[in-house]
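Undergrad: I'd like to ask you about the structure that follows.
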Amino acid sequence: MSIATIPRKVTLQIDGMTCSACSARIEKVVGKLSGVQSIAVNLPLGRATLQLDAAAADEASIIERIQLLGYGARTYEEHVSPYEIDRSLSIRLLISILLTIPMMWAMVRHYAWTSGIWIPELFLAPWFQWLLATPVQFVIGGPFYFNAFKALKNKTATMDVLVVLSTTCAYMYSHYMTLHALKTGMPNPHGIYFESSAMMITVVLFGKWLEASAKRRSLQAIQLLRKLEPETGRRLEGEIAKVVELQEIRVGDMLLVQEGELVPLDGVVLEGHASVDEAHLTGEAVPVHKRVHDHVSGGSRNVEGTLMFRVTAAKGDTALAKVVRYIEEAQGSKANIQRYADRLTAFFVPTVILLAMLTFASWMYFFTPGDAKGALFKAIAVLVIACPCALGLATPISILVGTSRALQSGILFREGKSVEQMASIDVVLLDKTGTITFGTPTVAEIRSATGQEMKLLRLAASAEVKSRHPFASAIVREAVRQQISVREPDAFHAMPGLGVRAIVEGHEILIGSSAFMKQHEIRCEAPAGLDDRWRGEGKSVLHTAIDGRYAGLFALSDRVKPTSPQAVRQLKKQRLNVAMLTGDQRRTAEVVAGQTGVSIVYAEMKPTDKVHIVNKLQQQGKRVAVVGDGINDAPALAAADIGIAVGTGTDVAKETADINLLHGDLRGVAEAFRLSRATMRNIRQNLGFALVYNVLAIPLAFMGVLPPWIAGAAMALSSVSVVANALRLQRR
C-alpha cells in the first residue's frame, strides 16, 4: 500500500447540534464529499470522526462545508476539554425560569381544582404576560430560531424546527388575543396561553442542561486521567535537576522523580527504587515496587523513594495519552445498533410535522368544527411531544457511560462497536503463557546429555538472547543468575510456535519443542520418563541440539495466576464456552487447564494454527473472542470477532486487539463481558422506552389529554430519563 492510499483519521469538534437529525444531516452531506471514506458523528460528545483519503481530502474544505450547514466546526484538540457546561446555558435557563414562574402561577386559573389559589392581579394582566413571554420567546429562545433557520435553509428538519413551530404558534395566538383584549377593553385571561410557549422553552432548556450535566459526570474518568499528566518534569542536566515544560522533554532524556511526585512520562529506571501507585492504568490499589530496569508509566505517583529514569515516550505518546485517546475514539465511534436508530430518526421530524397538520385539520373540520384554538393547541402538543430526541440519545449516551465505567475497571474499549460485538460472543479462547499464567517462567531443571549443564545453559542463553519469547527470557535470566557470560549469536532465526536456530561460538544451536527437533531429524534422547514426568508436573520442556546432535533439555515452570480459576468460573457463569489456545505441549497445557477449570485444550499451536481454530469455530456459526498477550497471539487476535490483550502483553498484541486490559488480571475479561452485556441491555431499554414513549404520547396529544406545556415537559423528561437510565451503568 502506498503512502498516498493510507486513509488519514481526522477528528472535528462540532458545535450547534441539538438532535439526531443534526448529526444525520452532517453525516449525509459530508459523507458525499470527495476524499471522505467514512464519517461518524457522535451527538453527545459533539464530535465527528472521519477517515479521509490522504491524497484527495482537504480538511479545511470539510470544515467550511459543515459551517455552511450552520454548525460550528474546528479541529479537535486533545488537551482542550469540551465537556464543561456552557455557562450561557445556565444563565439562560435561570432567567427563563424567573420569567416563566409568574405566568405558571397565573395558569392555575385554567383548572377548577386550583381556581381558589390566590393570584396577584398583575400576573393576570395580558400585557404583563406579554412583557414576560416576549424575551423568553425571542431572546432566551433565540438560538432555537437561529438553528431552525439554518436547518430549513439546508432543507432539513430538526428538533429546533419543532420547538420554534410549536412555541411560535402558541405565542402568536396569545399575542393576537392580547391585542384583541386591549382593543375591546374586555380582557379574557382564559384565551391567553403565553405560559405554554414560555414553559415549553424553559423545559427544553432544562432538559439540555441536565443532559450536559450527565455528560460531564460520565466523562469524569477521562478528566481525572488528563489531570494525572503534570505540566513539568525534573530533567537532569549534568548533576543538576532542572524543572522544564513537559513538551520540551525528549526521548532519551534523564528525569528525576522524588517522593510524592507524579511520574511525568514513560521510561525505564536507571537508578534508585520506589513504590509507585499505578492505579490509573491497572486498577490495582496496591503500589508496585520499582527498581533498576523496570518500566514506569507517566501519570503514576511515586509514593515512597526516589527514581532516576530514561524517557522512552514523549508527551502525547505515553501509555496514559494512548488510554485517553483510545477511550475518546471508542466513545466517538458508532455501534451498529445506533445506525438503525439514526435511520429511524431521519424520517421522524417530517412525519411529526405531517401528524401535527393532520391533528389540526381533524379537530378543526371534523371533531370540533370551527374551534381553531382547540385544534391549534392539540397540534402544538403533537409537534412538541413527538420530537425524537430520546431516540437519538439512546445508544450514544449508553456507549459513552459504559466505556467510561469500563475504564474505571481497567478495561479499554478501542471502539464503541466492540461493546456491541462482545455482548454476542459465544466462545472465549485463552492463551496460556502470560494470560492464564504470570508469563514469567523460570528454569526449574536442566539436564545435559553430556553432564555439562553450565555449558549447555551458556550456549542456550546466548542463542535465545535475541528472542522475545517468555521461555527465552527465562533461560537468559537463569544464566545471569548463575553469573554466566552471555554473548549475542552470530546468526539468529526464530520460528514462531516451534523454536529458534542460532550460531553461537561457531556452533549451530537448536532450541524448541520435540516437533522442532523432529523437523530437523534430531532424535530426542532424554532419560527415560523424564520428559513425561516434567510435563505431568505442569512444566514446559525445551529440547536442545548442538551441531545436529541432541544436547539436553530444560524444564520451565510458570505459575498460574491465583485469580485465573475464578476468572474462568465467572466466564462460564455467563454461559460462555471457555477453551485454552496455546503453543505449549499438550501434557503441560492439560495440567494448567485442570488447575483453572478449562475443559477444552488446543495445544502445540503455531500462530497459523491458532488462526485456523478461530476460523473453524466461526464457520460453525460461533462468535469468537481471543485473549492473548504475545506477538504470536496477534494473528489470532486480529482474526477473532473480538481480540482482547492483557496489560502485561506486547505492544503488537495491544495494537491488534479490540479491547485492552490495563492489568494482567484475567477477571477483567469476565468484567468486560458483564459490562458489555449490561450496556447493550441499557441501550435496548433506552430504545424501547423512546419508541414506547412516542407511540403512547402522540395519541394522548392528538386527543387533547396533554396540554402543550405538559407535552414539552414530557419531551424534555424523556431525554433526561434516557440519560438517567444510562448513568445507572456507573453503579454496576
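Undergrad: Check which residues have an amide H placed less than 5 Å from A73's amide H, if you skip close sequence neighbours.
TA: Hits under the 5 Å cutoff: D15.
Undergrad: Pairing the Cα long axis of helix 194-218 with the longest principal axis of the chain, what angle in degrees results, from 0 to 90 and rounded to the nearest 10?
TA: 10 degrees
Undergrad: Given 5 Å bins starting at zero, what is the percent of C-alpha pairs of the range 442-557 in each, up to the one with the largest pair distance?
TA: Percent of pairs per bin, in order: 2, 13, 25, 28, 21, 8, 2, 0.
Undergrad: Another question, then. How high is the relative contact order of the range 442-557, in percent, with contacts defined as C-alpha pairs under 8 Å that are six or more residues apart?
TA: Details: 211 pairs, mean separation 33.8, N = 116.
This gives 29 percent for the range 442-557.
Undergrad: What number, rounded to the nearest 500 deg cm²/dmol, is the helix-based mean residue ellipticity at 222 nm of the chain, given -39500 (n - 2.57) per DSSP H run of at least four residues and division by all its residues?
TA: Here the helix-only value at 222 nm equals -15500 deg cm²/dmol.
Undergrad: For the range 479-629, what is the percent of antiparallel DSSP beta bridges, rounded to the nearest 5?
TA: Working: 22 of 25 bridges.
Approximately 90 percent, going by the DSSP bridge assignments.
Undergrad: Computed over the Cα atoms of the range 230-317, what is the ratio Rg over Rh, Rh following Kirkwood?
TA: Value, to two decimals: 0.93.
Undergrad: Please work out the ratio of the alpha-carbon Rg of the range 636-700 to 2.2 N^0.38 Å and round it to two decimals. Intermediate values should be presented prior to the final figure.
TA: Details: Rg = 18.3 Å, N = 65, 2.2 N^0.38 = 10.7 Å.
My calculation over the Cα atoms of the range 636-700 gives 1.70.
Undergrad: Moving on. Over the range 520-599, one equal point on each Cα, no solvent: what is log10 I(q)/I(0) by the Debye formula at q = 0.20 Å⁻¹?
TA: These q points yield log10 I(q)/I(0) values of -0.89.
Undergrad: Mind listing P(r) for the chain? All alpha-carbon pairs, 20 Å bins, whole percents.
TA: Spelled out per bin, shortest first, that is 15, 37, 28, 14, 5, 1, 0.
Undergrad: Return, for the Cα atoms of the range 359-471, the radius of gyration and Dmax in Å, separated by a comma.
TA: 34.2, 111
Undergrad: Only Cα pairs under 8 Å and at least 6 apart count here; give the relative contact order of the chain as a rounded whole percent.
TA: On the way: 1454 pairs, mean separation 95.3, N = 732.
The normalised contact order for the chain reaches 13 percent.
Undergrad: In square nanometres and to one decimal, what's the mean projected area of the convex hull around the Cα atoms of the range 551-659?
TA: Numbers: hull surface 30.7 nm².
Answer in nm², one decimal: 7.7.
Undergrad: State, in angstrom, two size descriptors of the range 677-716 derived from its alpha carbons: Rg to one decimal place and Dmax to the nearest whole number.
TA: Reported Rg and Dmax, both Å: 12.9, 40.
Undergrad: Using only Cα positions of the range 224-278, each an equal point scatterer, no hydration layer, compute I(q)/I(0) via Debye at q = 0.25, 0.26, 0.31 Å⁻¹ and quote the log10 values to two decimals.
TA: So the normalised log intensities work out to -1.20, -1.28, -1.60.
Undergrad: Beyond 22 Å, what percent of the Cα pairs of the range 3-75 remain?
TA: 14 percent
Undergrad: How long are the semi-axes of the equivalent ellipsoid of the range 479-629, defined as square roots of 5 times the Cα gyration tensor eigenvalues? Whole Å, largest first.
TA: Three semi-axes, in Å: 33, 18, 15.
Undergrad: Could you check the spin-label model distance between L98 and F138? Points 7 Å from the Cα along Cα→Cβ, value in nm.
TA: It is 2.1 nm.
Undergrad: Also, I was wondering about something else. Dividing the convex hull volume of the Cα atoms of the range 127-213 by its residue count, what figure in Å³ per residue is obtained?
TA: Normalising the Cα hull of the range 127-213 by residue number yields 92 Å³.
Undergrad: Continuing with this model, one more query. Counting only residues 5 or more places away or on other chains, whose amide H sits under 5 Å from the amide H of G46 once H atoms are built in the peptide plane?
TA: Residues meeting the amide H criterion: none.
Undergrad: Any chance you could give the angle, 0 to 90 degrees and rounded to 10, that helix 59-68 forms with the longest Cα principal axis of the chain?
TA: Approximately 20 degrees, to the nearest 10.
Undergrad: List Y71, Y365 from most exposed to least, where exposure is judged by having the fewest other Cβ atoms within 10 Å.
TA: Listed from fewest to most nearby Cβ atoms, that is Y365, Y71.
Undergrad: Next question. Using the Cα gyration tensor of the range 360-409, with a ≥ b ≥ c the square roots of its eigenvalues, what is the shape: rounded (a/c below 1.5), prolate (a/b larger than b/c) or oblate (neither)?
TA: prolate
Undergrad: Calculate the length of the line joining the C-alpha centroid of the range 425-468 to that of the range 487-550, in whole Å.
TA: Between the Cα centre of the range 425-468 and that of the range 487-550, the gap is 11 Å.
Undergrad: Once phi is turned into ³J(HN,Hα) by the Karplus curve 6.51 cos²θ - 1.76 cosθ + 1.60 with θ = phi - 60°, what whole-Hz value does each residue of the range 604-617 show in order, with x for glycine and proline?
TA: After applying 6.51 cos²θ - 1.76 cosθ + 1.60, I find 6, 9, 7, x, 5, 5, 4, 4, 4, 4, 4, 5, 4, 5 Hz.
Undergrad: Provide the descending list of Cα extents for the range 407-496 along its principal axes, expressed in whole angstroms.
TA: Cα spread of the range 407-496 along its principal axes, largest to smallest: 57, 27, 26 Å.
We did not get these values from a lab; they are worked out from the coordinates using the rules stated. On a predicted model such as this, the values are computed, not experimentally measured, just so you know. Cβ atoms come from the backbone with ideal geometry, glycine included; neighbour counts cover every protein chain shown.
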